[in-house]
Amino acid sequence: MNNVTTLGIDLAKNIFQLHGTDSNGNRVLRKRLTRYKLPEFIANLKPCLIGIEACSGAHDWARRFIAMGHTVKIMSPQFVKPYIKSNKNDANDAAGIAEAVTRPDMKFVPIKTLQQQDMLLIHRARELVMKQRTAQANQIRGLLTEYGIVLKQGINVIRTLPSILDEKNEQLSEKAVDIFSQLYEQFKYVDEQIVVYDKQIAQAVSDDPLCQHIMEIEGVGPITASAAVATIGDADAFKRGRELAAWLGLVPRQHSSGSKQRLLGISKRGDTYLRKLLIHGARSVVKTCAGKTDKRSKWVTSLKERCGFNKAAVALANKNARIIWAMLATGECYKKAV
């Protein structure tokens, strides 16, 4: 074990497969360990390069291995797959990881700190209750339609459900009113949870000067700024802003060969949540840019006239992603175009 310079670990829930190689790339270790024995084994190894795939728990293991003195690299599973030989099994997966982590052109996933994961935890919890609120509102709206009560669109209408039940009391039975009251209480609970998470995000943003600087970008609010800082982490993981935009799936897919260049729609790869926030923020800017005289608004307006609303929103989201990378990489503040 003393001559292991590169170690590939196939992470799992209980059983972990290890594949170690020496400085010449020869296999010197193949081992299966349980979750409880893995930390002790890694702690007894001399400092080496450890490769793991991005998955649930990968960032936690990476931080633990780094604390033991090792260098850890996290890779996307889709980039490891070409290095897996023959049939898929744990041993071949670990060998493929050990091979892929040594490639000089491999793209690695930035390791998140505990603070970044805490912030993303709030965002994930908020996203879940947002979906629950939407589902609850749609169910109430649909069930009321069965009784001939058609509501206007919007969450605010559901918030007035008690008064609606009083007004339409003659159309509803006592049992129906009781059930709709229970559904409203469930809706009210998840609606209040969103407010709680919004306050936590706002507090975190107010304590982070970097998030406050990013919020100066048009179309970027506290939710998007905090999600960007927590998701991107180390901007040095990307060579340029376009790499970040590609990582978020905001650049066109390619189907090119030879001298024929074919660009398709945006790839939609990478982090779906952050891409959605950037595009929704850009939509608000595109919607309100008409009549403004600054350089950025004129560019958005001309783009909307040439390409349409949606393409203009995605293009602006792409630009905002690159600006965020530049701010994270250089530490400079946002300079508004006049």
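The values are calculated or read from the model by the stated rules, or taken from the named source; none is laboratory data. Model, not experiment: these values are computed from the prediction. For neighbour counting, all protein chains shown are included, and Cβ atoms are generated from backbone atoms with ideal geometry for every residue, glycine included.
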Within the range 96-108, how many residues turn out to be touching a helix residue (DSSP H, G or I) at 6+ places or on another chain (Cβ under 8 Å) and in contact (Cβ under 8 Å) with a residue 40 or more places away in the chain? 5
If you check residue 257 against the conditions, is it under 16 Å from the mean Cα position of the chain (by Cα), more than 23 Å from residue 297 (Cβ to Cβ), among the hydroxyl-bearing types (Ser, Thr, Tyr) and not assigned by TED's automatic domain parsing to the domain that holds residue 127? no
Residues satisfying the stated conditions in the range 299-324, i.e. crowded, with 16+ Cβ neighbours inside 10 Å and of a type in the set (S, T, N, Q): 301, 318, 320
Restricting attention to the range 212-266, report how many residues are of a type in the set (Gly, Ala, Ser), within 21 Å of residue 310 (Cβ to Cβ) and surrounded by 15 or more Cβ atoms within 10 Å (Cβ to Cβ). 5
Of the residues in the range 16-67 that are of a type in the set (S, T, N, Q) and surrounded by fewer than 13 Cβ atoms within 10 Å (Cβ to Cβ), the one that is nearest to residue 79 (Cα to Cα) is 56
So which residues in the range 266-320 are touching a Phe, Trp or Tyr at 6+ places or on another chain (Cβ under 8 Å) and either small (Gly, Ala, Ser) or at pLDDT below 90 (or both), if there are any at all? 269, 270, 271
Total residues in the range 128-148, condition free of Cβ contacts under 8 Å to residues at least 24 places away in the same chain and not in a helix (DSSP H, G or I): 1
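Give the residue, chosen from 81, 107, 168, 112, that is more than 21 Å from residue 230 (Cα to Cα), under 26 Å from the mean Cα position of the chain (by Cα) and surrounded by 12 or more Cβ atoms within 10 Å (Cβ to Cβ). Break it down into steps so the answer makes sense when it comes.
Numbers: 107 fails: more than 21 Å from residue 230 (Cα to Cα); 168 fails: under 26 Å from the mean Cα position of the chain (by Cα); 112 fails: more than 21 Å from residue 230 (Cα to Cα).
The match here is 81.
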Test set (1) of a type outside the set (Ser, Thr, Tyr); (2) surrounded by 15 or more Cβ atoms within 10 Å (Cβ to Cβ); (3) closer than 20 Å to residue 123 by Cβ; (4) free of Cβ contacts under 8 Å to residues at least 40 places away in the same chain - residue 176 fails condition number: (3)
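Which of the residues belonging to the range 68-78 are among the hydroxyl-bearing types (Ser, Thr, Tyr) and surrounded by 15 or more Cβ atoms within 10 Å (Cβ to Cβ)?
Step one: filter the range 68-78 for residues among the hydroxyl-bearing types (Ser, Thr, Tyr), giving 71, 76.
Once the filter is applied, which keeps residues that are among the hydroxyl-bearing types (Ser, Thr, Tyr) and surrounded by 15 or more Cβ atoms within 10 Å (Cβ to Cβ), the range 68-78 yields only 76.
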Residue list for the range 268-282, filter: surrounded by 16 or more Cβ atoms within 10 Å (Cβ to Cβ) and either among the polar types (S, T, N, Q) or free of Cβ contacts under 8 Å to residues at least 24 places away in the same chain (or both): 269
Condition test on residue 125, is it at negative phi, assigned to a helix (DSSP H, G or I) and not assigned by TED's automatic domain parsing to the domain that holds residue 186? no
Scope the range 283-298; condition surrounded by 14 or more Cβ atoms within 10 Å (Cβ to Cβ), of a type in the set (D, E, K, R) and within 11 Å of residue 312 (Cα to Cα); matching residues: 283
